[in-house]
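Visitor: For reference, the structure I am asking about is given below.
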Amino acid sequence: MKSLGKNTVFALVDCNNFYASCERVFDPRLEGKPVVVLSNNDGCVVARSNEAKALGIKMGVPVFQIARLIHTRGVQVFSSNYALYGDMSRRVMQTLSRFTPEIEIYSIDEAFLDLTGFHRIDLNDYGRNIRSTARQWTGIPVSVGIARTKTLAKIANRIAKKSLKTGGVLDLTDSPHLSRALEITDISDVWGVGSRYAKFLKQHRIVNALRLRDADDAFIRKRMGVWGTRLLHELRGISCYPLESGPPARKGITVSRSFRHPVQDLSDLEEAVATFVSTGAKKLRKQRSAAEVLMVFASTNRFEPDHFYFNLHTVALPVPTSDTPELIHHALEGLRRIYRKGYRYKKAGILFKGLVSARPIQMGLFDPRNRRRSERLMQTIDRINDRMGPKTLTYAAAGLHPSAPWKTVFKRRSPAYTTDWNRLPRVS
DNA sequence: TCTGGGGTCCTAGGACCC
DNA sequence: TCTGGGGTCCTAGGACCC
């Protein structure tokens, strides 16, 4: 059942402060304390507990800028622990899928539930049930917003999260409070309205979601395109974005990292790029794709514009492929073309584009490789790494030095509580 | 000293063809 | 002086999301 049009009902379930909440589940001493989680290389704040938000710590702020605050207010700081968050996300989603067969996992911490046709039940009760079950089974607090469209469900969810008296659940389906809810929603908090459009709309006195809902169609169409028109419909309760079932195959795959320390030598850059390629190639194979185009880029520190250097090289691959050594070969050739001696590189990455289905394998007329053999080899390597850990088999080109200057560090990472036998929490 | 990473969709404009 | 029209495909860049 794909819900489009009128009388649809969507619930948006969103985990509160997801990464910070995950850390708390296994370390109850963190309850009530400000907690933040950092990006790669412990660079920026990417998640905050309510207590951390109350201290004025902003999303995305570089951690060195709040060093004093962290120290004086006893903020608990964690590196990102993707193994933990990924596994906790899976548990939450599994729990949610007991409440409807129609679920769309929208991001690591959000899911849309299609509740169209759930007429006979009290949706607020149902939402409260979802919330308490998720909390009890996974330890993660969630908020639930229910409405006629995804955009309105987002708005309901936001209010549910912020306003204590909702108890974390708000149903705006045919609600007399709908207009009021739209009125108290700042235009910049509407799903799909970013900083640029928010500024533009405010200049035209469209300061909240209610004003946008009642805005002139032609004006919005002209200034915000077809996408703006869809947004108007969604705010008016006409669903334009149906529930998406399976995740669509990616149209491109990117792997890029900032380096812990600046890199000057080509050989270090080569190791980094070879590593990124092997990560990306594994993603390609996982979704059974092959790439027609490979791009490789490197850049210096973007915060030092005086000696900034960025360059990108594009390779049209002779045959679509997901073969790691072949991709490494082309990536390194591209890298050597853009490398300029004397720069302090701070970031590099690779992109795979023009993704096509891996099978049937397209044979090149003068293709020197034995595709069938290389495919079996890749399968074997992937299987071993899935079983024994991601770095069990790697390529020599990716380097062997664990402390190479380009490598990402996570100095304050919590244990992999749920995905490593040796890290299971003990109950005493 | 220290500043994340990976996506999507839409549109405008250029290249090219008939 | 004067300089077709329309279609397709591709790409770069803008805007947004988590």
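The values are calculated or read from the model by the stated rules, or taken from the named source; none is laboratory data. Everything quoted here is computed from the prediction, not taken from an experiment. Note that we place each Cβ from the backbone using ideal geometry, even for glycine, and neighbour counts take in every protein chain shown.
Visitor: Just one of the numbered conditions (1) surrounded by fewer than 14 Cβ atoms within 10 Å (Cβ to Cβ); (2) part of a loop (DSSP other than H, G, I, E, B); (3) within 15 Å of DNA strand C (Cβ to nearest atom) is not true of A:Arg205; which one?
Guide: Just one mismatch for A:Arg205, condition (3).
Visitor: What pairs come out if I take residues in region A:247-276 that are within 13 Å of A:Ala348 (Cβ to Cβ) and charged (D, E, K, R) and pair them with residues that are within 7 Å of DNA strand B (Cβ to nearest atom) and not in a helix (DSSP H, G or I) whose C-beta lies under 6 Å away, six or more apart or interchain?
Guide: Once the first residue is within 13 Å of A:Ala348 (Cβ to Cβ) and charged (D, E, K, R) and sits in region A:247-276, its partners that are within 7 Å of DNA strand B (Cβ to nearest atom) and not in a helix (DSSP H, G or I) give A:Arg257/A:Thr408.
Visitor: Moving on. Among the residues of region A:1-57 satisfying the criterion of being assigned to a loop (DSSP other than H, G, I, E, B) and of a type in the set (Val, Ile, Thr), which is nearest to A:Cys240 (Cα to Cα)?
Guide: A:Thr8
Visitor: Can you list residue pairs whose Cβ atoms sit under 6 Å apart, with the first residue in region A:322-333 being more than 15 Å from A:Lys286 (Cβ to Cβ) and the second being buried (at least 18 other Cβ atoms within 10 Å of the Cβ) and small (Gly, Ala, Ser)? Count only pairs 6 or more apart in sequence or on different chains.
Guide: Going by the 6 Å Cβ cut-off, the qualifying pairs are A:Ile328/A:Ala274; A:Ile328/A:Ala397.
Visitor: What single numbered condition from (1) assigned to a helix (DSSP H, G or I); (2) closer than 30 Å to A:Gly117 by Cβ; (3) in contact (Cβ under 8 Å) with a residue 40 or more places away in the chain fails to hold for A:Met93?
Guide: (3)
Visitor: If you don't mind, another one. Output the number of the condition that A:Ala134 fails; it satisfies all remaining conditions of (1) under 27 Å from A:Asp87 (Cβ atoms); (2) within 16 Å of DNA strand C (Cβ to nearest atom); (3) surrounded by 14 or more Cβ atoms within 10 Å (Cβ to Cβ).
Guide: (2)
Visitor: Is it the case that region A:161-176 has a residue that's in contact with a strand residue (DSSP E or B) (Cβ under 9 Å, 6 or more places away or on another chain), assigned to a helix (DSSP H, G or I) and aliphatic (A, V, I, L, M)?
Guide: Within region A:161-176, not a single residue is in contact with a strand residue (DSSP E or B) (Cβ under 9 Å, 6 or more places away or on another chain), assigned to a helix (DSSP H, G or I) and aliphatic (A, V, I, L, M).
Visitor: Do we have any residue at all in region A:69-90 that's within 21 Å of the chain's Cα centre (by Cα), among the β-branched types (Val, Ile, Thr), within 16 Å of DNA strand C (Cβ to nearest atom) and modelled with pLDDT of 95 or more?
Guide: Scanning region A:69-90 turns up no residue that is within 21 Å of the chain's Cα centre (by Cα), among the β-branched types (Val, Ile, Thr), within 16 Å of DNA strand C (Cβ to nearest atom) and modelled with pLDDT of 95 or more.
Visitor: Could we say that A:Arg128 is in contact with a strand residue (DSSP E or B) (Cβ under 6 Å, 6 or more places away or on another chain) and either farther than 18 Å from A:Thr8 by Cβ or not in a helix (DSSP H, G or I) (or both) here?
Guide: The answer is yes for A:Arg128.
Visitor: Of everything in region A:255-274, what is over 21 Å from the mean Cα position of the chain (by Cα) and buried (at least 18 other Cβ atoms within 10 Å of the Cβ)? Give them in sequence order.
Guide: Matches in region A:255-274: A:Arg260, A:Val263, A:Asp268, A:Leu269, A:Glu270, A:Glu271, A:Ala272, A:Val273, A:Ala274.
Visitor: Those residues that are within 16 Å of DNA strand C (Cβ to nearest atom), basic (Lys, Arg) and either under 18 Å from A:Pro405 (Cα atoms) or part of a helix (DSSP H, G or I) (or both), I need them from region A:332-355; list them, please.
Guide: Within region A:332-355, just A:Arg337 meets the criteria.
Visitor: Mind listing whichever residues of region A:208-229 are away from DNA strand B (no atom under 16 Å from the Cβ) and outside any loop (DSSP other than H, G, I, E, B)?
Guide: Scanning region A:208-229 gives A:Asn208, A:Ala209, A:Leu210, A:Arg211, A:Leu212, A:Arg213.
Visitor: Tell me which residues, restricted to region A:225-254, are surrounded by fewer than 20 Cβ atoms within 10 Å (Cβ to Cβ), over 18 Å from A:Lys150 (Cα atoms) and either away from DNA strand C (no atom under 15 Å from the Cβ) or among the aliphatic types (A, V, I, L, M) (or both).
Guide: Of everything in region A:225-254, just one residue is surrounded by fewer than 20 Cβ atoms within 10 Å (Cβ to Cβ), over 18 Å from A:Lys150 (Cα atoms) and either away from DNA strand C (no atom under 15 Å from the Cβ) or among the aliphatic types (A, V, I, L, M) (or both), namely A:Ala249.
For (1) touching an Asp or Glu at 6+ places or on another chain (Cβ under 9 Å); (2) within 28 Å of A:Lys33 (Cβ to Cβ); (3) without any contact (Cβ under 8 Å) to a residue 24 or more places away in the chain, each residue gets a yes or a no:
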| residue | (1), (2), (3) |
| --- | --- |
| A:Pro62 | no, yes, yes |
| A:Ala67 | no, yes, yes |
| A:His71 | no, yes, yes |
| A:Val77 | yes, yes, no |
| A:Glu110 | yes, yes, no |
| A:Phe118 | no, no, no |
| A:Asp122 | yes, no, yes |
| A:Gly145 | yes, yes, no |
| A:Lys150 | yes, no, no |
